[in-house]
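Below you'll find the structure, written out as structure tokens, and then a few comments.
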């Protein structure tokens, strides 16, 4: 599904020796790929920004007992970042996300079911050494 | 060979199913980490096990607590050290699946197909019984079609 980002087309932050530099081309970005590439590390850097950026809402396995559908249903104008999405998102929530016109999503998982995703939604993490730092970006998943 | 369930109802009542691999690893599996884990951690996360609870990260060579392993790597280690429990397969990337599908024993669950390109024989277990499958396409067919 091709739709322009509703909240932000660029997100960047720094966490000690890590730089995060994400450019979004779609309202739903699904971040997939091999295990151990740094997806959850990237999530933790974005979650840190929740403390100072009200446009960010982060969810992960620690929210397993919470009503995810209700939490995102109450959100407005946020970049909602969901790690462990393959165990957190049920079919109903996935359908809601695919039609949500209030928020933008960065979904870390490998199952695009019920998100009406096309290859334009699928991305993978790229890490690159920049001096003593490591920069994370995203690129289309092949 | 590993045994795969595709319906939670097919998991025997006396077998525990673990969905949250991160928490199970951090609270249980970590106590059993030994030499066996070294190659798995190196292959999947490109990290080095440098102590019972420490790894050297692929990023910047920093020392991290072992809880920073990827969920896919933790899942593989959970299956390795707890071969009588059933673990959720859904958070394994292809590199983790590659290793898991060559295990001699262990149990995993996913409603949808998660198959590496290189696989040994596995036991596919559903309400219609068990069958040994050693082919990607046949396993995908079992997962997708056979209900």
(message) To make sure I understand, if each residue's beta carbon is the centre and we count other beta carbons within 10 Å, what order do B:97, A:6 fall in, fewest to most?
(response) A:6, B:97
(request) Sort out for me the Cα centre separation of the range A:14-35 from the range B:99-133, rounded to whole Å. (result) 32 Å
(request) With a/c under 1.5 counting as rounded, go ahead and sort chain B into rounded, prolate or oblate using the C-alpha gyration tensor (a ≥ b ≥ c being the square roots of the eigenvalues; past the cut-off, prolate if a/b is larger than b/c, else oblate). (result) prolate
(message) Compute the angle between helix B:35-45 and the longest alpha-carbon principal axis of chain B, please, reported from 0 to 90 degrees and rounded to the nearest 10.
(response) 80 degrees
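Rounded if a/c is under 1.5, else prolate if a/b beats b/c, else oblate: with a ≥ b ≥ c from the C-alpha gyration tensor eigenvalues square-rooted, which is the range A:1-42?
Working: a/c = 3.86, a/b = 1.40, b/c = 2.76.
Note, shape of the range A:1-42 comes out oblate.
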(message) Along the Cα→Cβ direction, 7 angstrom out, place labels at residue B:42 and residue A:54. What is the inter-label distance in nm?
(response) 5.1 nm
(message) Rounded to whole Å, give me the distance from the Cα center of the range A:44-92 to that of the range B:1-79.
(response) 24 Å
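State the antiparallel share, in %, of DSSP beta bridges confined to the range A:10-140, rounding to the nearest 5. Walk me through the numbers on the way to the answer.
Numbers: 14 of 32 bridges.
Around 45 percent antiparallel, to the nearest 5.
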(request) Quickly work out the residue A:23-to-residue A:4 label distance, labels modelled 7 Å from Cα along the C-beta direction, and quote it in nm with one decimal. (result) 1.6 nm
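Of B:75, A:16, A:93, how do they rank once you tally other Cβ atoms within 10 Å and put the fewest first? Let's see the in-between values first.
Values: B:75 30, A:16 10, A:93 21.
By the 10 Å Cβ count, ascending: A:16, A:93, B:75.
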(request) Partner chain Cβ atoms within 10 Å, averaged over the residues of B:92-98 - can you pull that number for me? (result) 4
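List the relative contact order of chain B as a percent without decimals, with contacts defined as Cα pairs under 8 Å and 6+ residues apart.
Details: 257 pairs, mean separation 45.6, N = 147.
It comes to 31 percent, rounded to a whole number.
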(request) Please identify which residues in the range B:56-97 have an amide N closer than 18 Å to a label point set 7 Å out from the Cα of residue B:105, following the Cα→Cβ vector. (result) B:76-87
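May I ask you to derive the relative contact order of chain A, considering only C-alpha pairs under 8 Å and at least 6 residues apart, and to give it as an integer percent? Kindly include the intermediate steps, with their values, before the conclusion.
Working: 268 pairs, mean separation 47.2, N = 142.
Result for chain A is 33 percent.
None of the figures in this text is laboratory data; all of them are computed from the coordinates on show. In this text, all values refer to a predicted model and were calculated from it rather than measured experimentally. So basically every Cβ, Gly included, is an ideal-geometry build from the backbone, and we count neighbours across all protein chains shown.
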